Every structure is written in structure tokens, then in C-alpha cells.
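One structure is given here, and the rest of the page talks about it.
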Amino acid sequence: MEKIEDDVSLEEVDILFAPHHGRDSGKVPKSWLDTLNPKIIVIGEAPSQHLNYYQGFDTIKQNSAGDLVFDCVTDAVHIYVENDSYQEDFLDDENKSDKDDLYYLVEGWS
């Protein structure tokens, strides 16, 4: 990505899925992160010793959360995870019901 860093125009995003499963070898350049300004970065299922945890950004770690579902509704994103004990402090719990064998994590933002 660093080779094309200056050749790509980007816009802000709500959710960024870290490329290469979040491995440090495929990290998103800092200039792109500043432009994208993601509310959440989803880090994939790579072994933890190879992950880039994107310091300063809110992340969901799929190797701990398991399968994810993002339920996008007007002015909010409700997040469901496979692991019923997975939590992230930066998200707001609206006490929604679990669905499709996944556990309600929280409302991402509104």
C-alpha cells in the first residue's frame, strides 16, 4: 500500500476491515488512517504475535470475537459476535436481543 499511498484518493469510513487480517505486514499507512478516520477497525484472525493493533483507534479483534454481523439501521450500527464473553468498552450497550446464534455486542454509534 505504501507504494500507491499518494496515488489513491480516499474518503472517511465508519468501519475499516484491516487488510491482510490485520497483520503488521499489511498495515494501512498512517496518512490513509488519518483520511479514512474509521470509527472501528476490524482486525482479522491472524495469530496475535503478527497483528498490528492500530494504536489510537477503536478495534474489534475477530480472533477473540469470532464471527461478526453488522446490522446497519438508521443512524446506528448494531454489532453481533460469536463469542458471548467478548466486550469492548468504547461501544454502547442497548440491550438488544441476540440473533442467529450470535450475541449482541453493542450499538457502534448513532
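Computed from the coordinates by the stated procedures, all read-outs in this text should not be read as laboratory data. Since the model is a prediction, treat every value here as computed from it, not as a measurement. Cβ coordinates were reconstructed from backbone atoms using ideal geometry, including for glycine residues, and neighbour counts include every protein chain displayed.
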Subtract the Cα-Cα distance of Leu36 and Ser85 from 0.36 nm times their separation in residues, and report this length gain in nm to one decimal. 14.7 nm
Can you give me the distance in nm between label points at Lys99 and Glu12, each placed 7 Å from the Cα along the Cα-to-Cβ direction? 2.6 nm
